[in-house]
Amino acid sequence: MMRSLYSGVAGLKTHQTRMDVIGNNIANVNTTAYKSQSMTFSDLMYQTTQAASGANPTTGVGGTNARQIGLGAKTSAIKTAITTQGASQTTNDPFDIMITGDSFFIVNNGQNNYFTRDGSFYVDGAGNLAMTSTGYNVMGWQVDPNDASAIKQDTVSALRVMTTENMTYPPEATKSARISGIIDKNDTNVNATAGKIMNLEFYDNQGYKYTAKLSVHSTKTDGQFTVQLDDILDSKGKTVLADKTKASLQQNNTNVTAPVLEFNTNNGSFKNVGTAGGTESTLTLHFDTGTFPSFTDITIDFSKCSNLNNNGSSTVSPIRGDAKGNGAGRKVGEMSGIEIQKDGMIYANYDNGCSRLLGQIAVATFANASGLAKEGDNLYSATQNSGDFDGIGTDITTGGGYMNTGVLEMSNVDLSSEFTEMITTQRGFQANSRIITVSDTLLEELTNLKR
């Protein structure tokens, strides 16, 4: 039997395998985060009909090369372009995440960890972040139990982002406020009996909103003004201050009829602020805990007020919280959304302006990512040649990568290259089929010799 016949058959098989690889690439041209494959050939084996010989210095006869006849081709390797980034596809879904860099998401089916570039996630019925296609849990790190603002990088676990506790953010009573602006001594409101009215909104520790009605009044002394607490109203405008002795403004921790604001008549600033004999720039709105058990004393800072000519108009107004916004208080917050940042940090946002850290998506990196084994469903598993996963993972920003939300990584298949490879594969297959045809013709001639 002719060796060329076997070579032709081997060539057909290898080109058929190459076509299988090309067909799989084209079939997955729109598969999320699919990584294209390519195949290389190598010669199969050789039959040596004469071994090589060396030169003979005695006789002067030169050496001869070996005579070897090849027996076809075989598949050398099937490589995956796993580190080639696919293009981005905008989805505007906040749970669709694209990795930029060489890292992989870590997902778990309840028993084993797998790795994927497919960032199409959703929140399942149990509140876990999971793969849309398989339901496998997305793995990451939990919030440090000793520090709610930090992540504890430990063995990865399922990220449960929606729980009963996470759906709301607790209220907080107002503890600080500040009043800024100009008090003009010629303001008719300041000189009127009712005074210049200011409404300070604040919260109790149950998240209910109230309004403290304050008023500024002029005195007979130039540069001095008094501040009064006139009333406290609930959110429906109903007074809760039946007894004015149960809530009052205090100065220097002392109940006074009306705390005094004293300004320097030279420049309109507070006079001797914080020094002995001077006027303190803060007042305390004090509540009797027996009458108002859910209220907290509020420190009101007047240091940003000034006594200047403003054409008879006073502009003083209150703002909850200190200069850094601390102590402003808040109502109960309902979750309004979840935000995933570029480092994989997951935050819940609430309608009271607060946010809460829920966890961080961890990623896995491998010394030889192309050594990962394909498991279908856009999943990979670690092999001896890819390197092991340590169970902890890494922060994606450690390697210079980051995550983008609202986009997915597309397949990195290049159709123009695939069609070109398809043509060359087709021609190779045809040429090998001709080897078989011609070899068969030669064998036919051989069998015809006996006729």
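The values are calculated or read from the model by the stated rules, or taken from the named source; none is laboratory data. Treat the numbers as computed from the prediction; the structure is a model and nothing was measured. Every residue, glycine among them, receives a Cβ derived from its backbone with ideal geometry; neighbour counts consider all protein chains shown. Protein only, heavy atoms only, side chains kept; ligands, DNA and RNA dropped before computing areas. Shrake-Rupley method; radii C 1.70, N 1.55, O 1.52, S 1.80 Å.
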Next on the checklist: Pairs of alpha-carbon atoms within less than 8 angstrom and 6+ residues apart define the contacts here; what relative contact order does the stretch 339-451 have, in percent?
Outcome noted: 20
Checklist outcome for this item: Expressed in angstrom and rounded, the centroid-to-centroid distance over alpha carbons for the stretch 390-409 and the stretch 118-139 is 16
Next on the checklist: Probe of 1.4 angstrom, ligands and nucleic acids ignored: what's the accessible area per residue over the stretch 365-451, in square angstrom?
Outcome noted: 61
Next on the checklist: Rounded to the nearest percent, how much of the accessible area of the chain (1.4 Å probe, protein heavy atoms only) is carbon and sulfur?
Outcome noted: 47
Checklist entry - For the chain, what is the convex hull volume of its Cα atoms per residue in Å³? => result 296
Item to check | Rounded accessible area per residue of the stretch 76-132, 1.4 Å, Å² | outcome: 43
Checklist entry - Based on the Cβ-Cβ distance from Asn109 to Val438, what FRET efficiency comes out when R0 is 45 Å, to the nearest 0.05? => result 0.25
Checklist entry - Per the helix-only calculation at 222 nm, which mean residue ellipticity applies to the chain, given -39500 (n - 2.57) for every DSSP H run of n ≥ 4 and division by its residues, nearest 500 deg cm²/dmol? => result -5000 deg cm²/dmol
Item to check | Stretch gain in nm, segment Thr397-Asp20, where the contour uses 0.36 nm per residue and the Cα spacing is subtracted | outcome: 132.0 nm
Checklist outcome for this item: Computed from the beta carbon distance with a Förster radius of 30 Å, FRET efficiency for Leu308 and Asn253 to the nearest 0.05 stands at 0.55
Checklist entry - Mind checking the angle between helix 3-27 and the chain's longest principal axis? C-alpha axes, 0 to 90 degrees, to the nearest 10. => result 20
Next on the checklist: For the stretch 203-263, what does the accessible surface come to per residue with a 1.4 Å probe? Please give it in Å².
Outcome noted: 53
Item to check | Ala52/Glu445 FRET efficiency (R0 45 Å; Cβ-Cβ; nearest 0.05) | outcome: 0.85
Next on the checklist: Given an 8 Å cut-off on Cα distances and at least 6 residues of separation, report the relative contact order of the chain as a percent.
Outcome noted: 23
Next on the checklist: If I model a spin label at Asp234 and Ser38 as a point 7 Å from the Cα along the Cα→Cβ vector, what separation in nanometres do I get?
Outcome noted: 7.5
Checklist outcome for this item: Expressed to two decimals, the stretch 124-274 has a Cα Rg over Rh, using the Kirkwood radius, of 1.25
Item to check | Span from the the stretch 34-95 Cα centroid across to the the stretch 337-382 one, whole angstrom | outcome: 39
Next on the checklist: Output the 0 to 90 degree angle, nearest 10, between the alpha-carbon long axis of helix 415-447 and the longest principal axis computed from the alpha carbons of the chain.
Outcome noted: 20
Checklist outcome for this item: Relative contact order of the stretch 226-326 (C-alpha contacts under 8 Å, at least 6 apart) in percent is 21
Checklist entry - Using θ = phi - 60° and the Karplus form 6.51 cos²θ - 1.76 cosθ + 1.60, what ³J(HN,Hα) does each residue of the stretch 177-190 get, whole Hz, x for Gly and Pro? => result 8, 9, 10, 10, x, 10, 10, 9, 5, 8, 5, 5, 5, 4
